[in-house]
There are 2 protein chains.
Amino acid sequence: MADTEAGDVPANQKVEKVLKTITNDLFAQKASSLLPQLHSWIEHPVSVITFQPDPTAFFKCKPIPTQSISQFSQTSYGKGDQVILDFGSHRVGYLSFHLGVEGVNVDAPARLRLTFGEIPYDVTENLHPCKTWISTSWLPDEIINVDWLPADVEMPRRYSFRYLKIGVLDTSPKYKVRFQDVRVRAVSAVSPHLAAAVPKLEVEDRELVDIDRISQVTLRDCMQTVFEDGPRRDRRLWLGDLRLQALANYCTFKDYDLVKRCLYLFAALPREDGSLPACVFEKPKLSPASDYIVDYDALFGPTVYDYTLASGDHETAIELWPTVLGSMKMALAHLDENGQFHSDATAAWKFLDWSDGLETDAGMHGLVLFCCKEINKLAALISKPVPFANIVSKMTAAALYFYDESRGVFVSGPTRQISWSSQAWLGLAGAMDLQSCLKAITAAMADPKAMKPLTPYAYHHVAEGLARNGGEEQCLKLMTEYWGGMVKAGADTFWECFDAEDSRKSPYGDCHNNSYCHAWSCTPSYLLRGVLKDFLAKRQTE
Amino acid sequence: MADTEAGDVPANQKVEKVLKTITNDLFAQKASSLLPQLHSWIEHPVSVITFQPDPTAFFKCKPIPTQSISQFSQTSYGKGDQVILDFGSHRVGYLSFHLGVEGVNVDAPARLRLTFGEIPYDVTENLHPCKTWISTSWLPDEIINVDWLPADVEMPRRYSFRYLKIGVLDTSPKYKVRFQDVRVRAVSAVSPHLAAAVPKLEVEDRELVDIDRISQVTLRDCMQTVFEDGPRRDRRLWLGDLRLQALANYCTFKDYDLVKRCLYLFAALPREDGSLPACVFEKPKLSPASDYIVDYDALFGPTVYDYTLASGDHETAIELWPTVLGSMKMALAHLDENGQFHSDATAAWKFLDWSDGLETDAGMHGLVLFCCKEINKLAALISKPVPFANIVSKMTAAALYFYDESRGVFVSGPTRQISWSSQAWLGLAGAMDLQSCLKAITAAMADPKAMKPLTPYAYHHVAEGLARNGGEEQCLKLMTEYWGGMVKAGADTFWECFDAEDSRKSPYGDCHNNSYCHAWSCTPSYLLRGVLKDFLAKRQTE
């Protein structure tokens, strides 16, 4: 998920704000007791680089190493000098360095501008002014003044970056500075040991191995004291994103406690109507964001189910069971007497994807049906009465209202919109037989007029929808095109948004405010190691 | 004193650097043991202000209060907002505030620009770009990013200011910020109690009372772990400035230990030829600056003499006696066989003042003669053999070489330059009888072609030269015009430089890099309470 603009929030936001949050202190305490001790390790830059124009590259430039780090640490820099360091891959952590001196006197402070880049544009272009409608406070640059040199400089804030641009705004005519022992204390809930212990992906396809590796780095760098949205921008826990991160985590790092902590964080903050916030703030104190999203709310139950299956921890699911039931109320309030989902039943926010003008009736119908089925399975697992058996029957029948038999696709809204997302969610819900669902998804994908996803979040559901309905090959093809496209473009971690045709694409008006290590983009590891595991194993032996 | 540019340093600087510093560890330890525990106290802003154009004001604007601080703390500020706080007078210390929030979510960091102003221009104009040849790192602004709000923000660096401009670079569309409990923890070696205990100046002239008060604030704010040059810019201990600050201190706060500490700091760092550095750095470790100034070197002895007289501490003077003798060597090396000072005898730097093109032969002759006499007095006080009796005789006689009998002034150099500084130092040295000396100073002051001083440092020596030669009334008139001119212009503390005709005057190319609380400008308290004490007492009773 990501930032939302004040203007984006539906008109009923103010009405929703009237609903009180009923904080569950016990759950908040449980979440608090699960606060992880972050692991940290030291990473050094690997070289000094410059970027040269390259029209064939996605970012229209390529890095050229110009100096080794040992040469760099012996080089002095004065007013107006600038240097770019390459840390070799994506890091999340705390920068420090020794600021050395060459000259007769240090008779003035040193003023430096440090710019932390996830992609080349961050360090090859000026970040200011930034034409974005979200906060420019996210822009990853700092100006610091160091009074007494030589000095050890420790930057107190956490940054997310591969490249570090150091600009010397001024020293004095009497001295220059040197940068020695530049390092980042990288942090994650995932230790390097644990990350290294993830079994090798047993495929021969180098591209898939790369996609899996980059997914894991993305996930690792988002796993901090919560599953963060993006370590550079937003840095918060969102419910729909949590579900995908947790699924990738079960196939890789298996950190069940961090998922459990996040489940309790949401469960600690239900509204009086049972709805869970789409996002919570950990700091400075636990509080719900003002965003409530019907689909994120409904996905809480499936997230608990996934956790219970993966961890074997039934106790938590039993304790959270009333919360799961409460979290479905808002979604179910959108069903008519036949069980058909109507987005306009309330003004509450239905998300599914950021694509502009997406009709959500069909997709939300699929999503809610999917959630009901998952929660029914959870009930069976933890010996609770199955709550949504009738609703599943009705909704399965009602799914046909969305089906256009002649075209073999699901349509949505008064314009009978065909979107990839509608097919994906009705496919994931098993609204029809496998063959029909697969055909619906592939038909929409083949239709140039169909509404495509904008975010990796929505792409994931399409990919999983394909795989779950017998379209494993198509799923792999989509992964190779989409996530593989980011790999070819030079991604160290997967991005918040990706358009192979436009390296400046941004949901926020300016790509300098994009996040290039983003939670909802880390799912290929789950697809390759979970959903497609048997398929790949079989293919490998053929 | 103040910053010097690399280019300003005489060509022999490199030769001088070859001379080693022979660190005296015992003296360094003594200095270290005298490190004061700084006093601190809390000051709050008194109002929110705006500056309105006022062509009659020195800075062409006047402050208008727009809001009380209690109203201000309830006001919310968002992207692009700006506010100026007035702390009522000059403060040196550490800023902190509570950064409060108004809005639905704090979903992004807050980015603020804080600008600390000693004078209106600092906060009414953009500081960047700054057309200065010294370091722009001194410019008093910071950009900070605060990740988690609400938060207590403590700025780690020390600032020197009366005005604080807060610019909100960004919050987010979802929240605004509030500034509550804005405060500065003001610091000084002088406690508020001690400052308040300085006896009232017994004069009726309101102007003189103001000048004395502002001198004391200037001195207090420069008295930190050393006598600083300026708490905003330079922040270092310079020898010539120390002497004047110490003299003002003996008439007010009487902090003898801080003077003693500074004497030992210099004495710890003689060059192998006996010269003392013009300036020392305390941090990160004690070290001499690369600047050696012949006149500052020679003034060490008089500074020890003043200290001994004021404190009664003979032991220190006895211990520093060899250092005193060593510190005269460089100056005396400029005398010819007749005892006449020749600046061109070495390329070493003779300062006296920043005025461009000042001929220093006459002034330096006076200064060295003055120093020899003071050191002779010190010898008598501490029962050492009087070292410079013969030299004083010779130099007194040789002073006549500089005297132009027909014009009644001292002239200097091949152009027979007449400057206020030449008269001042020969007058302070008592090179001729009182009447002739006074006539020489007043004649130069009356001569529109004579070279005027540029700095308050040089103005002080002119003023004291007048007073010491029977020109007490003229001294008061000069003080009222010069320091009184700063008072009329709105000074809270006395400035590094002042030109009543030009509020943008700067020795550094841009007044934004000037210091407006400067050590060598604090001497009126010494003149009024020391040099002119008897004269004012007599005048008061008439």
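Only one of the numbered conditions (1) at pLDDT 95 or above; (2) assigned to a loop (DSSP other than H, G, I, E, B); (3) over 30 Å from A:Glu319 (Cβ atoms) is violated by A:Pro36, and that is (3).
Right, B:Thr171: modelled with pLDDT of 95 or more, in contact with a Gly (Cβ under 7 Å, 6 or more places away or on another chain) and within 17 Å of B:Arg113 (Cβ to Cβ) or not? First the steps, then the outcome.
Details: modelled with pLDDT of 95 or more: yes; in contact with a Gly (Cβ under 7 Å, 6 or more places away or on another chain): yes; within 17 Å of B:Arg113 (Cβ to Cβ): yes.
Against the criterion (modelled with pLDDT of 95 or more, in contact with a Gly (Cβ under 7 Å, 6 or more places away or on another chain) and within 17 Å of B:Arg113 (Cβ to Cβ)), B:Thr171 qualifies.
Checked against the criterion of being away from chain B (no Cβ under 13 Å) and either buried (at least 18 other Cβ atoms within 10 Å of the Cβ) or outside any helix (DSSP H, G or I) (or both), the candidates A:Leu201, A:Leu169, A:Leu194 yield just one match: A:Leu201. Do you know which residues across region A:151-173 are small (Gly, Ala, Ser) and either more than 23 Å from the chain's Cα centre (by Cα) or in the same structural domain as A:Glu228 (by TED's automatic domain parsing) (or both)? Correct list: A:Ala151, A:Gly167, A:Ser172. Could you identify the single residue in A:Asp147, A:Asp152 that is at pLDDT 95 or above and surrounded by fewer than 16 Cβ atoms within 10 Å (Cβ to Cβ)? Sole residue among the options that is at pLDDT 95 or above and surrounded by fewer than 16 Cβ atoms within 10 Å (Cβ to Cβ): A:Asp152.
When each of A:Leu335, A:Leu320, A:Leu309 is tested for being within 17 Å of A:Asn390 (Cα to Cα) and not acidic (Asp, Glu), the lone residue that passes is A:Leu335. Against the test of being assigned to a strand (DSSP E or B), small (Gly, Ala, Ser) and either away from chain A (no Cβ under 14 Å) or in contact with a Gly (Cβ under 6 Å, 6 or more places away or on another chain) (or both), the options B:Gly88, B:Gly100 yield a single qualifying residue, B:Gly88. Of everything in region B:296-326 that is of a type in the set (D, E, K, R) and surrounded by fewer than 24 Cβ atoms within 10 Å (Cβ to Cβ), the residue that is farthest from B:Lys254 (Cα to Cα) is B:Glu319.
Just name the residue that is nearest to the other protein chains (Cβ to nearest Cβ) out of those in region A:239-289 that are of a type in the set (D, E, K, R) and part of a helix (DSSP H, G or I). Top of the filtered list is A:Asp241. Which one of the conditions (1) in contact with an Asp or Glu (Cβ under 7 Å, 6 or more places away or on another chain); (2) surrounded by fewer than 24 Cβ atoms within 10 Å (Cβ to Cβ) does A:Gly274 fail to meet, given that it meets all the rest? Unmet for A:Gly274, out of (1) in contact with an Asp or Glu (Cβ under 7 Å, 6 or more places away or on another chain); (2) surrounded by fewer than 24 Cβ atoms within 10 Å (Cβ to Cβ): (1).
Residues are listed down the side, and each one gets a yes or a no for (1) of a type in the set (A, V, I, L, M); (2) without any contact (Cβ under 8 Å) to a residue 60 or more places away in the chain; (3) assigned by TED's automatic domain parsing to the domain that holds A:Arg158:
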residue	(1), (2), (3)
A:Gln224	no, no, no
A:Leu242	yes, no, no
A:Ala248	yes, no, no
A:Thr252	no, no, no
A:Asp255	no, no, no
A:Phe266	no, yes, no
A:Glu272	no, no, no
A:Leu276	yes, yes, no
A:Cys279	no, no, no
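Residues in region B:254-267: is at least one within 30 Å of A:His98 (Cβ to Cβ), in contact with an Asp or Glu (Cβ under 8 Å, 6 or more places away or on another chain) and buried (at least 24 other Cβ atoms within 10 Å of the Cβ)? Yes: region B:254-267 contains one or more residues that are within 30 Å of A:His98 (Cβ to Cβ), in contact with an Asp or Glu (Cβ under 8 Å, 6 or more places away or on another chain) and buried (at least 24 other Cβ atoms within 10 Å of the Cβ).
When you look at B:Glu125, is it surrounded by fewer than 18 Cβ atoms within 10 Å (Cβ to Cβ), closer than 28 Å to B:Phe59 by Cβ and away from every other protein chain (no Cβ under 14 Å), yes or no? Working first, answer last.
On the way: surrounded by fewer than 18 Cβ atoms within 10 Å (Cβ to Cβ): yes; closer than 28 Å to B:Phe59 by Cβ: yes; away from every other protein chain (no Cβ under 14 Å): yes.
Yes.
Could you tell me whether any residue of region B:469-480 is surrounded by 21 or more Cβ atoms within 10 Å (Cβ to Cβ), farther than 15 Å from B:Trp420 by Cα and small (Gly, Ala, Ser)? No.
Restricting region A:177-186 to residues that are surrounded by 20 or more Cβ atoms within 10 Å (Cβ to Cβ) and out of contact with any helix residue (DSSP H, G or I) (no Cβ under 8 Å at 6 or more places or on another chain) leaves a set whose member that is nearest to the other protein chains (Cβ to nearest Cβ) is A:Val177. Of everything in region A:39-67 that is part of a strand (DSSP E or B) and touching an Asp or Glu at 6+ places or on another chain (Cβ under 7 Å), the residue that is nearest to A:Thr225 (Cα to Cα) is A:Ser47. For first residues located in region B:177-188 and among the acidic types (Asp, Glu), partners that are modelled with pLDDT of 95 or more and lie 6+ apart or on another chain with Cβ distances below 9 Å form the pairs B:Asp181/B:His44; B:Asp181/B:Ser73; B:Asp181/B:Ser96; B:Asp181/B:Phe97; B:Asp181/B:His98; B:Asp181/B:Asp152.
Before we move on, is A:Asp297 more than 14 Å from chain B (Cβ to nearest Cβ) and closer than 22 Å to A:Pro385 by Cβ? Don't jump to the end; show me each part of the working.
Numbers: more than 14 Å from chain B (Cβ to nearest Cβ): yes; closer than 22 Å to A:Pro385 by Cβ: yes.
When the stated conditions are applied, A:Asp297 passes them.
Give region B:485-542 a look and list any residue that's among the β-branched types (Val, Ile, Thr), over 16 Å from the mean Cα position of the chain (by Cα) and within 30 Å of B:Thr132 (Cα to Cα), or say none. Talk me through it step by step, then tell me what you get.
The first filter runs over region B:485-542 and keeps only residues among the β-branched types (Val, Ile, Thr), leaving B:487, B:493, B:523, B:531, B:541.
Next, from what is left, pick out any that are over 16 Å from the mean Cα position of the chain (by Cα): B:487, B:531, B:541.
Within region B:485-542, B:Val487 is the sole residue that qualifies.
Looking across region B:494-542 at every residue that is among the polar types (S, T, N, Q) and not in a helix (DSSP H, G or I), the one that is farthest from B:Asp212 (Cα to Cα) is identified as B:Ser506. On the basis of being hydroxyl-bearing (Ser, Thr, Tyr), touching a residue at least 60 places away in the same chain (Cβ under 8 Å) and crowded, with 24+ Cβ neighbours inside 10 Å, does A:Thr218 make the cut? When the stated conditions are applied, A:Thr218 passes them. For region B:156-166, enumerate the residues that are within 11 Å of chain A (Cβ to nearest Cβ) and touching a Ser or Thr at 6+ places or on another chain (Cβ under 9 Å). None; the set is empty. Pairing residues of region A:58-76 that are farther than 30 Å from A:Val104 by Cβ with residues that are modelled with pLDDT of 95 or more and charged (D, E, K, R), at Cβ distances under 8 Å and at least 6 apart in sequence or on separate chains, gives A:Phe58/A:Lys488; A:Lys60/A:Asp54; A:Cys61/A:Asp54; A:Lys62/A:Asp54; A:Pro63/A:Asp86; A:Pro65/A:Asp86.
For A:Asn145, indicate whether it is touching a residue at least 12 places away in the same chain (Cβ under 8 Å) and not acidic (Asp, Glu). Reasoning before the result, please.
On the way: touching a residue at least 12 places away in the same chain (Cβ under 8 Å): yes; not acidic (Asp, Glu): yes.
Against the criterion (touching a residue at least 12 places away in the same chain (Cβ under 8 Å) and not acidic (Asp, Glu)), A:Asn145 qualifies.
Just one of the listed residues (A:Asp25, A:Asp81, A:Asp54) is in the same structural domain as A:Pro231 (by TED's automatic domain parsing) and modelled with pLDDT of 95 or more, and it is A:Asp25.
Scanning region B:103-121 for residues that are assigned to a strand (DSSP E or B), buried (at least 18 other Cβ atoms within 10 Å of the Cβ) and among the charged types (D, E, K, R) returns a single hit, B:Arg111. Of the residues making up region B:204-215, just one is within 30 Å of B:Phe97 (Cβ to Cβ) and surrounded by fewer than 21 Cβ atoms within 10 Å (Cβ to Cβ), namely B:Arg213. Beta carbons closer than 7 Å, at least 6 apart along the sequence or on distinct chains, pair a first residue in region A:521-542 that is buried (at least 16 other Cβ atoms within 10 Å of the Cβ) with a second that is acidic (Asp, Glu) for A:Ser521/A:Glu496; A:Pro524/A:Asp212; A:Ser525/A:Asp212; A:Leu527/A:Glu464; A:Leu528/A:Asp212; A:Val531/A:Glu464; A:Leu532/A:Glu472; A:Phe535/A:Glu472.
The values are calculated or read from the model by the stated rules, or taken from the named source; none is laboratory data. Predicted model, so just to flag it, every value in this text is computed and none were measured. Here Cβ is always computed from backbone atoms with ideal geometry, including for glycine, and neighbour counts include all displayed protein chains.
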